[in-house]
Amino acid sequence: MTSVDEPQISESPRKRRKDSNQRAHHFLHTAKLLDTCNAGQKLLLLEHSWTVAQALKELGDRRIFSAPLVIKPDLEDIQDGEDSPEPSFLGWIDVTTILQAFIKGDSSFWTTWEAKQDY
């Protein structure tokens, strides 16, 4: 039997690290992104059909530097009585990538873009 005055043996660093990892794993796999946002804050998804100016304005208005890029299904893709399918994730786009493409004048980017234009 231990007396009240005896010092408690603290957990080992390995045990604390394991507990911390388990809490982090649980959080990552159960928390929704919206749960991590400030009250009233909405998530920004950049749509593939937006212009570069629209994307930069949306990012700038929210003072953020990157956001997920998605393809939202068109109305023609939705069949009668079917729920609207979720957007498809394409990847991340950020201000730096957009500006680098613009500043560098990456010839493959500009050639591809110009070929798609109807002047």
* Asked: Residues with beta-carbon under 11 Å from that of GLN54, excluding GLN54: net charge, scoring Lys, Arg +1 and Asp, Glu -1?
  -> -2
* To do: Read phi for every residue in the stretch 54-59 and hand back ³J(HN,Hα) as whole Hz from Karplus 6.51 cos²θ - 1.76 cosθ + 1.60, θ = phi - 60°, with x for Gly and Pro.
  => 4, 5, 5, 5, 4, 5
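Since every read-out is calculated from the coordinates, none of them should be taken as a lab result. As the structure is a prediction and not an experimental result, all values here were calculated from the model. Positions of Cβ are backbone-derived with ideal geometry, glycine not excepted, and every protein chain shown enters the neighbour counts.
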